[in-house]
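Here the structure is laid out as structure tokens; the discussion comes afterwards.
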Amino acid sequence: MVVIMARGKQQGMVYLWALFLVFLLGLGLGKSLEVYSTTLQRDKEQELLDVGRLYKQAIYNYYLSSPGYEKKFPTQLSDLLKDPRYLTTRRYLRKLYLDPITQQAFMPIYAPQGGIMGVYSPSTRTPLKQRGFMPDESHFNQAQHYKDWGFRVMP
């Protein structure tokens, strides 16, 4: 009879240890998901920087290739796909890229003299990266939202 009582107590301890193990696994899984989501946001952030710089370079090339003496910005972003000012096809972008953060179209930044001088993300999320940008992107430091990251051409 002693064996049966001891065995019953051991089964209760195994159950307690199993519950503790499930708790630890859940805690570890939650932490790994948190790390994964942060890594995913950093990747999207880097992609936003890359695509934004691509738009900025395309707008700059469009501006520089203006025929005549007066330089002009594109009137719409689709002008970067096929420049309407020329009879031959001139492309500055292969396609209109979506904002990696929101998966929506970039918002245009209009120049005072007309046309689009840059783009920005419509996202109101807070960026993880707060410093360490290129010198011409120093205004990104301490930005409150991704929409504060304006990729603009300064002629």
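Observations, loosely collected:
- Output for the stretch 69-118, where each listed residue is in a strand (DSSP E or B) and out of contact with any Lys or Arg (no Cβ under 7 Å at 6 or more places or on another chain): LEU98, ALA105, MET107, PRO108, TYR110, ILE116
- Residue match in the stretch 104-112 (condition: under 17 Å from ARG42 (Cα atoms) and modelled with pLDDT of 90 or more): no
- Residue in the stretch 125-135 that is closer than 16 Å to TYR63 by Cβ, basic (Lys, Arg) and modelled with pLDDT under 95 present: no
- Cβ pairs under 6 Å, 6+ apart, first in the stretch 140-155 and farther than 18 Å from LYS44 by Cβ, second in a loop (DSSP other than H, G, I, E, B) and not hydroxyl-bearing (Ser, Thr, Tyr): ASN141/ARG131; GLN142/GLN130
- Matching residues, the stretch 128-155, being surrounded by 16 or more Cβ atoms within 10 Å (Cβ to Cβ) and among the small types (Gly, Ala, Ser): ALA143, GLY150
- Test: residue in the stretch 119-127 that is at negative phi, among the β-branched types (Val, Ile, Thr) and either surrounded by fewer than 16 Cβ atoms within 10 Å (Cβ to Cβ) or out of contact with any strand residue (DSSP E or B) (no Cβ under 6 Å at 6 or more places or on another chain) (or both): yes
The values are calculated or read from the model by the stated rules, or taken from the named source; none is laboratory data. These numbers were taken from a predicted model, which means no experiment stands behind them. Because the Cβ atoms are built from the backbone with ideal geometry, glycine has one as well, and the counts that use them run over all protein chains shown.
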